[in-house]
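Taking it in order: structure first as structure tokens, then the write-up.
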Amino acid sequence: MTVSNDLGGMEEGGFDLDTATAEAGRCLLCEDPPCSKGCPAKTDPGAFIRKLRFRNITGAIRTVKENNILGGACGVLCPTARLCEKDCNAKWVDRPIRIGKVQRFLMEHAWATGFKVFGGKVFEKPARRPGKVAVVGAGPAGLSCAAELAKHGHRVTVFEARPEPGGVLRYGVPAFRFETAFLKKELEDLKDLGVELKCSSPVAEKGAAERLLADGYDAVFLATGLWNPERLPGTRKEPGGLFTSMDFLAALRQGRRKELAKSFKGKACAVLGGGSVAIDCARVALRLGSRDVYLLYRRSCSQMPAEEDEKNQALREGVHFILLSQPVGYVADARGRLAGVRLVRTRLGAEDSSGRRKPVELKGSEWTLEVSAAVEAIGYKPVDGSQDWYPSVAVRQGGLIRADEDDCRTSAKGIFAGGDIIRGPDLVVRAVQDGKTAAGSILQYLGEKATTRPGERCLARKP
């Protein structure tokens, strides 16, 4: 398969009106739709599919936007095959309804027709309520939380350390999977709700979260995400040509493609890891002109955390999978440039805590794969020292914040947290739901706080 070198524009377009309504027409109109139960963000596909089936397009759009302010992003990026579509009863007749594609169509149709979230179409402009909330991080969890609070009339300011909002949607996904123009439309809907976005505004000093409370914010939601890449252990000096997945993908989004291409064009490249990010990096490396791209993974193909369609697409494009091989180090040439990756062959042993069979290294099986470029895509963790930013908040070993997933409350009064910073690396759709959950808890907290103020009545509604 020939791979285009164009990294701009999403590969697969959305449905048009006729195709989307025909797909919705296959709905069996289940009384208790199992697809809705399979959506972590509670976007309620059973409801919007039903409305589209009966040509109530406005109602279908309203359902998505009411339940998920990032409905477009989730329609594009969600692994629907193992979530909502997995439980679709239409599979017993023919195949599951392509729910993600229908959801994406509804959002694109809304933008194309000038559909606005305010003006009676989705949300009425709420009366301004007391309560000012700071959201730290403009990724999916932070944006979702901010939208829910703004819908209830509270003033919300989102502080983002990076130059642009979006978090992983902007900096962690290549353009051929999710383009910036699409994200911009989602953000316009958010701004219509009255959310204030402050970019290049890190909340990253000692006690910064607590200081926000002292400065007049009634509550703080921490959605900082995971921006520190895991590294291959034992690497003392990094050879030239070695990248982390974070730096690699962010550089593309920042317009540094030509700079990156110098390290990859015409060369052999290795990508370390087996998740969706590793697959993205491998496919990008091909588009940068790599002669050969090797995906190195210590377990079997069936145990790779990447989605099946992602793995199949990478194989079709020409990525070479080297499985049951554990990277253990690098080889550099006399100039300090990467010359190879050292690996040890593995076999699968007993199950570990992940529920998968643990890779066991085979003695005497070390070998070297000759490559001139490599990308480490083996996971993410909290930024070093980030717990100092919120010293009153309890954290788990490894730096993840301790917060109850049922209400996103932390150990500190008035401080809530959600998304990857409490779960570890996870799906966008789960981060969206964490934002909604946190917003519900914050509304309740603001209501409780208001009742303690003499002469004030509680204006915040419970979720």
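Which residues, taken from the stretch 244-259, are surrounded by fewer than 18 Cβ atoms within 10 Å (Cβ to Cβ) and either in a strand (DSSP E or B) or acidic (D, E) (or both)?
Result: D247, E259.
Please work out which one of (1) modelled with pLDDT of 95 or more; (2) surrounded by fewer than 21 Cβ atoms within 10 Å (Cβ to Cβ); (3) part of a helix (DSSP H, G or I) is the condition K413 fails and give its number.
Among (1) modelled with pLDDT of 95 or more; (2) surrounded by fewer than 21 Cβ atoms within 10 Å (Cβ to Cβ); (3) part of a helix (DSSP H, G or I), K413 violates only (3).
Would you confirm whether or not the stretch 225-240 contains a residue that is of a type in the set (V, I, T) and surrounded by 20 or more Cβ atoms within 10 Å (Cβ to Cβ)?
Of the stretch 225-240, the ones of a type in the set (V, I, T) are 235.
When the remaining residues are screened for being surrounded by 20 or more Cβ atoms within 10 Å (Cβ to Cβ), the result is none.
No, that holds for no residue.
Please tell me if L362 is touching a Lys or Arg at 6+ places or on another chain (Cβ under 9 Å) and surrounded by fewer than 24 Cβ atoms within 10 Å (Cβ to Cβ).
Details: touching a Lys or Arg at 6+ places or on another chain (Cβ under 9 Å): yes; surrounded by fewer than 24 Cβ atoms within 10 Å (Cβ to Cβ): yes.
Answer is yes for this residue.
Cβ-Cβ below 8 Å, separation at least six or inter-chain, first residue in the stretch 9-23 and assigned by TED's automatic domain parsing to the domain that holds L183, second modelled with pLDDT under 95 and hydroxyl-bearing (S, T, Y): which pairs?
none
Condition check ((1) in contact with a Gly (Cβ under 7 Å, 6 or more places away or on another chain); (2) at pLDDT 95 or above; (3) in the same structural domain as R170 (by TED's automatic domain parsing); (4) basic (K, R)) across all residues:
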site	(1), (2), (3), (4)
K258	no, no, no, yes
A261	yes, no, no, no
K265	yes, yes, no, yes
V271	no, yes, no, no
G274	no, yes, no, no
A278	no, yes, no, no
V284	no, yes, no, no
Y294	no, yes, no, no
R298	no, yes, no, yes
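Here are the criteria: (1) at pLDDT 95 or above; (2) surrounded by 20 or more Cβ atoms within 10 Å (Cβ to Cβ); (3) hydrophobic (A, V, I, L, M, F, W, C). Tell me which single one A47 does not satisfy.
With (1) at pLDDT 95 or above; (2) surrounded by 20 or more Cβ atoms within 10 Å (Cβ to Cβ); (3) hydrophobic (A, V, I, L, M, F, W, C) applied to A47, the lone miss is (2).
Taking interchain pairs and intrachain pairs at least six residues apart, which have beta carbon atoms under 8 angstrom, with the first residue in the stretch 221-244 and in contact (Cβ under 8 Å) with a residue 12 or more places away in the chain and more than 22 Å from D420 (Cβ to Cβ) and the second assigned to a strand (DSSP E or B) and acidic (D, E)?
Listed by first residue and then by second, the contacts come to L242/E376.
Provide a single number: the residues in the stretch 55-99 that are under 14 Å from C30 (Cβ atoms) and in a loop (DSSP other than H, G, I, E, B).
Summing the residues that are under 14 Å from C30 (Cβ atoms) and in a loop (DSSP other than H, G, I, E, B) in the stretch 55-99 gives 5.
Restricting to the stretch 156-169, name every residue that is more than 16 Å from G419 (Cα to Cα) and either in contact with a Lys or Arg (Cβ under 7 Å, 6 or more places away or on another chain) or of a type in the set (A, V, I, L, M) (or both). I'd like the intermediate steps shown before the answer.
Looking only at the stretch 156-169, we keep the residues that are more than 16 Å from G419 (Cα to Cα), and these are 156-157, 161-164.
Those that are more than 16 Å from G419 (Cα to Cα) and either in contact with a Lys or Arg (Cβ under 7 Å, 6 or more places away or on another chain) or of a type in the set (A, V, I, L, M) (or both): V156, T157, A161, E164.
Provide a single number: the residues in the stretch 307-331 that are surrounded by 22 or more Cβ atoms within 10 Å (Cβ to Cβ) and closer than 18 Å to R82 by Cβ.
Summing the residues that are surrounded by 22 or more Cβ atoms within 10 Å (Cβ to Cβ) and closer than 18 Å to R82 by Cβ in the stretch 307-331 gives 1.
Determine which single condition E186 fails, assuming it passes every other condition in (1) modelled with pLDDT of 95 or more; (2) in a helix (DSSP H, G or I).
(1)
Considering only the stretch 260-285, state which residues are touching a residue at least 40 places away in the same chain (Cβ under 8 Å), out of contact with any Asp or Glu (no Cβ under 8 Å at 6 or more places or on another chain), surrounded by fewer than 24 Cβ atoms within 10 Å (Cβ to Cβ) and not in a helix (DSSP H, G or I).
K267, G275
Evaluate the following for P163: is it in a loop (DSSP other than H, G, I, E, B) and either buried (at least 22 other Cβ atoms within 10 Å of the Cβ) or without any contact (Cβ under 8 Å) to a residue 40 or more places away in the chain (or both)? Reasoning before the result, please.
Numbers: in a loop (DSSP other than H, G, I, E, B): yes; either buried (at least 22 other Cβ atoms within 10 Å of the Cβ) or without any contact (Cβ under 8 Å) to a residue 40 or more places away in the chain (or both): yes.
The answer is yes for P163.
So how many residues does the stretch 30-44 have that are assigned to a loop (DSSP other than H, G, I, E, B) and either within 21 Å of E66 (Cα to Cα) or free of Cβ contacts under 8 Å to residues at least 12 places away in the same chain (or both)?
Residues of the stretch 30-44 that are assigned to a loop (DSSP other than H, G, I, E, B), as a first pass: 30-33, 38-44.
Narrowing the set further to residues that are either within 21 Å of E66 (Cα to Cα) or free of Cβ contacts under 8 Å to residues at least 12 places away in the same chain (or both) leaves 31-33, 38-44.
Residues flagged as assigned to a loop (DSSP other than H, G, I, E, B) and either within 21 Å of E66 (Cα to Cα) or free of Cβ contacts under 8 Å to residues at least 12 places away in the same chain (or both) within the stretch 30-44 amount to 10.
The values are calculated or read from the model by the stated rules, or taken from the named source; none is laboratory data. Bear in mind that the values here come from a model prediction, so they are computed numbers and not experimental data. Note that each Cβ is placed from the backbone with ideal geometry, even for glycine, and that neighbours are counted across all protein chains shown.
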